[in-house]
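The values are calculated or read from the model by the stated rules, or taken from the named source; none is laboratory data. All values derive from a computational prediction rather than experimental measurement. Cβ sites come from the backbone with ideal geometry, for glycine too, and all protein chains shown count toward neighbours.
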Amino acid sequence: MSISTASEDQVAIIRNRIWYGLLFALTVWLALVPVTGGNLPFYFYLMLWITMASAFNIISGFTGYMPFGYVAFYGIGAFTTAILTKKLGVSVYFSIPVAGLAGVILSLLFAKTLKLSGIYFAIVSLALSIILRLVITNMPEEITGGSFGISLGSRAEPVKSFYVMLVTLLAALSTAAWLARSRLGKALKAIRDDSEAAAVMGINVPRARLLAWMIAAFFPAICGGIEAWYTNIVDTETAFDILITAKTIIYSIAGGLGTVTGPIVGTVIMVVLDDLIWQQFPLLNLFLLGLVIVLLIQFMPRGIVGTMMRVWPVLRRYIL
C-alpha cells in the first residue's frame, strides 16, 4: 500500500469517526429530551426541519434541482396518515410508512418534470403542488374533510411521535451519508455539474435523477404523517403551506447544499435564532429573521459549512 493510499484511508477513518460521533451525540441529546422534561415541541420541530432539509439536499444539493413545490410531498403524507388513521381506523404505525409510500408514488407521477431544469422545473413543481392542494380541498368531505380538514380525535401521542420523528431523522441522515459516499451520489454530483458530460461518461442520467427524486420525496411525506399524528389535525392550509418549502430551502442553503453536515448545521442555527428572536422581539420577528437570512446569503453564499470549507480547504477531507 502506498503512502498516499494509506493517508486517504486514515482520512476516511477520521471522517467517519467525526460523522458517527456527531450522529451519536445528536441521538443521545434528542433521546433525553422527553426524559429530562425539555421543550418537546421545540425539539420535535427541530428534528422535523433537519429531516426536511436533509431530504431536500438530496434533490437540490446533490442533483441540482430546486423544487418550489416540495411541500406537496409533506402534504400528501399528512393527508394519507389522517385518512388511514381517522377514516379507515388503521394503526398510525402502519399509516406513517404508507404515507412515505404515497410520497414516492407522487414523485413518480411528477417524474416527467425532471426533464425540465432551472426555473422551469421550479415553477412547474410549485404549480403542481398548488393543483394537488386544490384537488384535495375539493374532494368529498367524507374523505379529506373539505376545507376544514381532518381531526384525528384522541390519537395524539406527543412522546411516541417524538421518538418516531427521531428514528425518521436518523434514517434520513444515514441515507444522506450513504448517498454521499455511494456511486449513485457521485453520479448525481456529476449530473449536477454537467448532465451531458455525465451521460457521455456512461451514467444513466434519467435513472439516477429519478432515484434521488424518490428518496427526496419519501422523507417529507413521512414528516407530514408524523406531524399530523403529533398535532392531531390536518388541513390544506397548513399541510400545503408554501412556507414549508421556503423554510426547507432556507435551512438547507444556510448550512450549505451538497454536504451532509450542512443542512444539520444550518437548521440548528436558524431554528435556534428564530426561537430567540421570537422570544425577545415578537413584533419584529419576521423582519429580524429576514435580515439574518439576507446577511447570511450575502456574506456566506455557500452556507456556513460551505464557507468554512472554502476558507479552510483541508476541511473538505474531514466533513461529510
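Is it the case that segment 113-121 has a residue that's part of a helix (DSSP H, G or I), under 19 Å from the mean Cα position of the chain (by Cα) and over 14 Å from residue 218 (Cβ atoms)?
Going through segment 113-121, the residues part of a helix (DSSP H, G or I) turn out to be 113-115, 118-121.
Keeping just the survivors that are under 19 Å from the mean Cα position of the chain (by Cα) gives 114, 121.
Filter once more, keeping what is over 14 Å from residue 218 (Cβ atoms): 114, 121.
Yes, segment 113-121 has at least one match.
Consider segment 153-163. How many of its residues are hydrophobic (A, V, I, L, M, F, W, C) and surrounded by fewer than 19 Cβ atoms within 10 Å (Cβ to Cβ)?
Total satisfying the criteria: 2.
Which members of segment 5-33 meet the condition of being assigned to a helix (DSSP H, G or I), over 18 Å from residue 178 (Cβ atoms) and within 26 Å of the chain's Cα centre (by Cα)?
If the condition is that a residue be assigned to a helix (DSSP H, G or I), over 18 Å from residue 178 (Cβ atoms) and within 26 Å of the chain's Cα centre (by Cα), then 25, 28, 29, 30, 31, 33 are the ones that fit.
Restricting to helices (runs of 4 or more DSSP H) lying wholly in segment 212-320: which have 2 or more residues that are over 23 Å from residue 71 (Cα atoms)? It would help to see each step written out before you state the result.
Values: elements: 236-239, 242-255, 261-280, 285-299, 303-311.
Hits in segment 212-320: 261-280, 285-299, 303-311.
Of all residues in segment 196-218, which are crowded, with 16+ Cβ neighbours inside 10 Å, touching a residue at least 24 places away in the same chain (Cβ under 8 Å) and not charged (D, E, K, R)?
Selection gives 208, 211, 212, 213, 214, 215, 216, 217, 218.
Report whether or not residue 182 is surrounded by fewer than 16 Cβ atoms within 10 Å (Cβ to Cβ), more than 20 Å from residue 94 (Cα to Cα), at pLDDT 90 or above and of a type in the set (S, T, N, Q). Quick ask: steps written out before the conclusion?
Numbers: surrounded by fewer than 16 Cβ atoms within 10 Å (Cβ to Cβ): yes; more than 20 Å from residue 94 (Cα to Cα): yes; at pLDDT 90 or above: no; of a type in the set (S, T, N, Q): yes.
No: the conditions fail for residue 182.
Under 9 Å by Cβ, and 6 or more places apart or on different chains, what pairs join a residue from segment 285-310 that is aromatic (Phe, Trp, Tyr) with one that is at pLDDT 75 or above?
287/281; 299/307
Which pairs have Cβ atoms under 9 Å, sit 6 or more apart or on different chains, and link a residue in segment 113-129 that is closer than 11 Å to residue 65 by Cα to one that is of a type in the set (Lys, Arg) and at pLDDT below 90?
Here the result reads 121/115, each pair linking segment 113-129 to a residue that is of a type in the set (Lys, Arg) and at pLDDT below 90.
Would you mind finding the one in 226, 233, 150 that is crowded, with 21+ Cβ neighbours inside 10 Å and either touching a strand residue (DSSP E or B) at 6+ places or on another chain (Cβ under 9 Å) or among the charged types (D, E, K, R) (or both)?
Just one listed residue meets the conditions, 150.
Name the one entry in 161, 252, 174, 195 that is closer than 19 Å to residue 94 by Cα, among the small types (Gly, Ala, Ser) and at pLDDT below 95.
Exactly one of 161, 252, 174, 195 is closer than 19 Å to residue 94 by Cα, among the small types (Gly, Ala, Ser) and at pLDDT below 95, namely 161.
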